[in-house]
Amino acid sequence: MMNLYKKDFPILNQTVHDKTLVYLDSSASNQKPEVVIQTVSQYERMHHANVHRGVYELSRRATGAFEETREAVKQFIHANSLQEIIFTSGTTAAINLVAQSYGRTHFKAGDEIIVSMMEHHSNIVPWQMIAEATGAILKVIPINLAGELDLDAYRLLLSPRTKLVAVAHVSNVLGTINPIQEITRLAHAHQAVVLVDGAQAVAHIPVDVQALDCDFYAFSSHKAYGPTGVGILYGKRALLENMPPYQGGGEMVEQVTFAKTTYNTLPYKFEAGTPNIANVIGFKAAIDYVKHIGFTRVVEHDQALLAYATEQLTTLPGIKLIGTARQKIGIISFVIENVHAHDIGTILDHEGIAVRVGNHCAMPLMQFYQEAACVRASFAIYNSIADIDALMMGLKTVQRYFN
Ligand code: C6P
């Protein structure tokens, strides 16, 4: 069946090593539809000026478009107010902001931060850094072999010492969708706050931060069909109001004297310096694109590809799937007996197929599975059954080569 959306993504209309490009690495970064590329280009050609600073027409236009993205993001994740939407450079920067600003003011020696075994390094290392600085202790929620969180173990980890729980909405290796509502409810019963790493969720499932009731939610534009260099930190207003700025500079201040500086209101208090204006504006076009398709279709498509890929891959001899949770998005990771993941990646590349191989910035998770590296194919709205057939053909070539 023809994919209705592929034509919207100009980059996909090319050959690589004389083969049709099959892009199966959307969890690393989504490709961008023409409308996003056009929006950024049009902005740079016609409307660019710095935002929130000029009294002239171009600056007014740039500021208007920039703030329209904030409104679009607010609606996209169902936040309560614009003050709760902070632009950062990505998920990583958003998590570091919370670790440094919230962590420094709320953690003390002996406090506990809970993360999970399936976290990306971006949701581990910032917490280790702040733990080292404050004397707080990192605790880890274990997982089962299918790649699901052990919620009973999580309940036992929670205590009056727990100050923050930081967990992925969706794992970038396993594809597991975690039960955030339940995780949040349990954390709140212990007065702990919850940060959700939504990097892998936003392009695959609808996100409603108020329904999840999480305190912070971080994600990146480039994993949701938008440009790189733009991320979002959502935070509940009452928490953000009481957090000190993370970085100092222009725009985040109200009054500066050498004696004392007062800070701007939310969200600008956390947006020091000139932001990534063009790409923030491009992100709104990406959100509009996804909204136009609608999450009913996005989820249906994702699940159909996942089911087909799982069924097909399991027919290959010597394959082991990593991540077989009941609730998953379109990510499928695997190893093949006696073949190194990097060799698989290289042979697939020669067939025009782009997958990610390695530890996927989740070394503790790979240690749990006792694998140094695995192959990951991840799907987006522009992928089709034909792409999975191409992957299967490529993997059969790999197996022929190694037998
Ligand atoms: N994962 C992947 O191939 P940034 O780089 O800041 O946009 O996103 C970091 C990040 C945080 N959390 C999760 C769950 C992620 O998957 C990622 C990025 C990419 O899996 C690149 S390592």
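What is the number of the single condition among (1) over 30 Å from Tyr5 (Cα atoms); (2) within 16 Å of the ligand (Cβ to nearest atom) that Leu157 does not meet?
The one condition Leu157 does not meet is (2).
I'd like the full set of residues that are among the hydrophobic types (A, V, I, L, M, F, W, C), outside any helix (DSSP H, G or I) and open to solvent by less than 10 Å² (accessible area, probe 1.4 Å), limited to the stretch 80-119. If you could, list the steps in order and put the result at the bottom.
Step one: of the stretch 80-119, the residues among the hydrophobic types (A, V, I, L, M, F, W, C) are 82, 85-87, 93-95, 97-99, 107, 109, 113-115, 117-118.
Okay, now just the ones that are also outside any helix (DSSP H, G or I), so 85-87, 107, 109, 113-115, 117-118.
Correct list: Ile85, Ile86, Ile113, Ile114, Val115, Met118.
Out of Ile124, Ile183, Ile141, Ile137, which single residue is of a type in the set (A, V, I, L, M, F, W, C), in contact with a strand residue (DSSP E or B) (Cβ under 9 Å, 6 or more places away or on another chain) and either touching a residue at least 40 places away in the same chain (Cβ under 8 Å) or within 14 Å of the ligand (Cβ to nearest atom) (or both)? I'd like the intermediate steps shown before the answer.
Values: Ile183 fails: either touching a residue at least 40 places away in the same chain (Cβ under 8 Å) or within 14 Å of the ligand (Cβ to nearest atom) (or both); Ile141 fails: either touching a residue at least 40 places away in the same chain (Cβ under 8 Å) or within 14 Å of the ligand (Cβ to nearest atom) (or both); Ile137 fails: either touching a residue at least 40 places away in the same chain (Cβ under 8 Å) or within 14 Å of the ligand (Cβ to nearest atom) (or both).
Exactly one of Ile124, Ile183, Ile141, Ile137 is of a type in the set (A, V, I, L, M, F, W, C), in contact with a strand residue (DSSP E or B) (Cβ under 9 Å, 6 or more places away or on another chain) and either touching a residue at least 40 places away in the same chain (Cβ under 8 Å) or within 14 Å of the ligand (Cβ to nearest atom) (or both), namely Ile124.
Give the stretch 352-385 a look and list any residue that's of a type outside the set (Ser, Thr, Tyr), open to solvent by 10 Å² or more (accessible area, probe 1.4 Å) and farther than 14 Å from Asp25 by Cβ, or say none.
Asn359, Met363, Pro364, Gln367, Phe368, Gln370, Glu371, Ala372, Ala373, Ile385
Residues are listed down the side, and each one gets a yes or a no for (1) under 28 Å from Glu148 (Cβ atoms); (2) within 16 Å of the ligand (Cβ to nearest atom); (3) not acidic (Asp, Glu):
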{"residue": "Ile336", "(1), (2), (3)": "yes, no, yes"}
{"residue": "Val339", "(1), (2), (3)": "yes, no, yes"}
{"residue": "Gln370", "(1), (2), (3)": "yes, no, yes"}
{"residue": "Ala373", "(1), (2), (3)": "yes, yes, yes"}
{"residue": "Tyr382", "(1), (2), (3)": "no, no, yes"}
{"residue": "Gln399", "(1), (2), (3)": "no, no, yes"}
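Go through the stretch 6-35 and give me each residue that's β-branched (Val, Ile, Thr), out of contact with any Asp or Glu (no Cβ under 9 Å at 6 or more places or on another chain) and within 29 Å of Lys328 (Cα to Cα).
The initial filter retains those residues of the stretch 6-35 that are β-branched (Val, Ile, Thr), namely 11, 15-16, 20, 22, 35.
Remaining after also requiring out of contact with any Asp or Glu (no Cβ under 9 Å at 6 or more places or on another chain): 11, 15, 20.
If the condition is that a residue be β-branched (Val, Ile, Thr), out of contact with any Asp or Glu (no Cβ under 9 Å at 6 or more places or on another chain) and within 29 Å of Lys328 (Cα to Cα), then Ile11, Thr20 are the ones that fit.
Name the residues in the stretch 153-168 that are under 25 Å from the mean Cα position of the chain (by Cα), open to solvent by 10 Å² or more (accessible area, probe 1.4 Å) and within 24 Å of Asn359 (Cβ to Cβ), would you?
Of everything in the stretch 153-168, nothing turns out to be under 25 Å from the mean Cα position of the chain (by Cα), open to solvent by 10 Å² or more (accessible area, probe 1.4 Å) and within 24 Å of Asn359 (Cβ to Cβ).
Hey, among the residues in the stretch 62-79 that are hydrophobic (A, V, I, L, M, F, W, C) and within 25 Å of Met46 (Cβ to Cβ), which one's surrounded by the most Cβ atoms within 10 Å (Cβ to Cβ)? Explain how you work it out, then say what you get.
Step one: filter the stretch 62-79 for residues hydrophobic (A, V, I, L, M, F, W, C), giving 62, 65-66, 72-73, 76-77, 79.
With within 25 Å of Met46 (Cβ to Cβ) added as a condition, the list becomes 62, 65-66, 72-73.
Details: Ala62: 23, Ala65: 19, Phe66: 21, Ala72: 18, Val73: 26.
Among them, the one singled out is Val73.
When only residues in the stretch 190-219 that are within 12 Å of the ligand (Cβ to nearest atom) and among the small types (Gly, Ala, Ser) count, which is surrounded by the fewest Cβ atoms within 10 Å (Cβ to Cβ)?
It comes out as Ala201.
Pairs only if they're at least six apart or on different chains, beta carbon under 7 angstrom, first in the stretch 89-106 and farther than 14 Å from His121 by Cβ and of a type in the set (Val, Ile, Thr), second more than 12 Å from the ligand (Cβ to nearest atom) and open to solvent by 10 Å² or more (accessible area, probe 1.4 Å); list them, first residue then second.
From the stretch 89-106, the pairs are Thr105/Pro244.
Looking at (1) in a helix (DSSP H, G or I); (2) closer than 30 Å to Val35 by Cα; (3) within 16 Å of the ligand (Cβ to nearest atom), which one does Pro227 not meet, given that it meets all the others?
For Pro227, the failing item is (1).
Any idea which of (1) within 30 Å of Val290 (Cα to Cα); (2) open to solvent by 10 Å² or more (accessible area, probe 1.4 Å); (3) away from the ligand (no atom under 16 Å from the Cβ) is the one Leu149 doesn't satisfy?
Result: Leu149 passes all but (3).
Could you count how many residues in the stretch 313-351 are open to solvent by less than 80 Å² (accessible area, probe 1.4 Å), part of a loop (DSSP other than H, G, I, E, B), more than 20 Å from Leu174 (Cβ to Cβ) and touching a Gly at 6+ places or on another chain (Cβ under 9 Å)?
1
Based on what the data block shows, is Ile86 in contact with a strand residue (DSSP E or B) (Cβ under 7 Å, 6 or more places away or on another chain) and more than 9 Å from the ligand (Cβ to nearest atom)? Break it down into steps so the answer makes sense when it comes.
On the way: in contact with a strand residue (DSSP E or B) (Cβ under 7 Å, 6 or more places away or on another chain): yes; more than 9 Å from the ligand (Cβ to nearest atom): yes.
When the stated conditions are applied, Ile86 passes them.
Check off (1) in contact (Cβ under 8 Å) with a residue 12 or more places away in the chain; (2) farther than 30 Å from Tyr382 by Cα; (3) outside any loop (DSSP other than H, G, I, E, B); (4) not small (Gly, Ala, Ser) for Thr262 and give me the number that stays unchecked.
(1)
The values are calculated or read from the model by the stated rules, or taken from the named source; none is laboratory data. Being a predicted model, the structure only gives us computed values, none of them experimental. Cβ: placed from backbone, ideal geometry, glycine included. Neighbour counts: every protein chain shown. Note: accessible area is taken over every heavy atom of the protein model, side chains too, but ligands, DNA and RNA are not part of it. Shrake-Rupley method; radii C 1.70, N 1.55, O 1.52, S 1.80 Å.
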